[in-house]
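Okay, structure first, notes after.
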Amino acid sequence: MTKNVLLIVLSAFVLSLTVLPACAGNNVLPYREEATSSTRHEPFIRQAFELAISSGKKGNHPFGALLVYQNKVILTSENTVYTDRNVHSHAEINLMTKARREIPPEVLRESTMYASTAPCMLCCASIWYRDIKRVVYGVSYETFAKITGYRDKSIPCDKLYQETGKPLEWIGPVLEEEGIQVFYYWPHDSFRSSIIKNLEELGIGKPLQNR
C-alpha cells in the first residue's frame, strides 16, 4: 500500500470516528473508467451544477453533490466551508454525513453519487468509507487544475479504489463545458481573481446561470 493510499485510508478512519460504520455489501461492480455524456446522467449532473451555483452564491466554494437511487434523487448537499466555518465541509463529505443519518446502508450501497467536480482526497475517503460503488462527476481533475491552478498531488478517487481492491464505476467527465462555467460563482476570497482570469484565458464564456 502506497503512502498516499495509507493517508486516505487513515483519513477515512478519522472521519469514521464521527459517523456510524457502514455495513459491507455483497454486490460487486467491475472497475471501469468511462468518459461519457450519456443522457441518463445529464439531469443529475445538471442538478449537481445547480447545487454548486447555490453554494457559491451563499459565499461558499461552488461544489454540489447528490445521491440517486433507482433513478430518483434521494439526498442533496452543497459545500458549506464558509457558512459552517469548517474547512472539511465539502459537498461530498456533507452528503455522506447526511446519508449516514438518513439513508439505510443497503440503499446507500446501491446508490450513485453525482458530483459537480471530481472529488478531492478527503471526499474520496468519505465516499470510500461509506462503500459507494458508483461515482459520476462533471469537471475532471485535470480541468479543475487548469481553472484553479491547484494541482492535488494526492491519489485520485478511482486509483484509491483500485489500490485498496474496492470496485468502482468511475464515470466522467459529463457535461464538463457546462460545469466549468460554475466556477464563475467562486466566492470573493483570495482565489477568485486568479480563477476568473484562468477562465477567461481558457476562453470560457459567461456564467452558466446569470442569476
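Just so you know, all these numbers are worked out from the coordinates, no wet-lab data involved. Being a predicted model, the structure only gives us computed values, none of them experimental. Using ideal geometry, Cβ is built from the backbone for each residue, glycine included, and neighbour counts are taken over all protein chains shown.
Quick notes on this structure:
- Put the Cα centre of region 80-106 next to the Cα centre of region 51-76 and the gap is 11 Å.
- For region 132-195, diffusion coefficient by Stokes-Einstein and Kirkwood Rh (Cα), 37 °C, 0.692 mPa s, µm²/s: 247 µm²/s
- Simple spin-label estimate for Thr83 and Ser193 gives 2.8 nm between the two label positions (7 Å along the Cα-to-Cβ direction from each Cα).
- Table column - 3J(HN,Hα) (Hz), region 179-193, Karplus curve with 6.51, -1.76, 1.60, x for Gly and Pro: x, 4, 5, 4, 6, 5, 8, 4, x, 7, 10, 5, 8, 4, 4
- Chain lengthening between Thr39 and Lys58 when straightened (0.36 nm per residue, less Cα-Cα): 3.9 nm
- Prolate/oblate/rounded label for region 32-181 (Cα gyration tensor, a/c 1.5): rounded
- Gln70/Lys98 FRET efficiency (R0 22 Å; Cβ-Cβ; nearest 0.05): 0.75
- Peptides 59-66, 190-197 ranked from most to least packed by the mean count of surrounding Cβ atoms within 10 Å: 59-66, 190-197.
- Distance in nm between pseudo-label sites at Glu110 and Tyr150 (7 Å out along the Cβ direction from Cα): 3.6 nm
- In summary, the aspartates and glutamates within cross-link reach of Lys146, defined as a Cα separation below 17 angstrom excluding same-chain residues under 8 places away, comprise Glu176, Glu177, Glu178, Glu200, Glu201.
- Derived scalar couplings between HN and Hα for region 98-115 equal 5, 5, 4, 7, 10, 10, x, x, 5, 6, 4, 5, 9, 8, 10, 8, 10, 10 Hz in order, rounded to whole Hz, by the Karplus curve 6.51 cos²θ - 1.76 cosθ + 1.60 (θ = phi - 60°), x for Gly and Pro.
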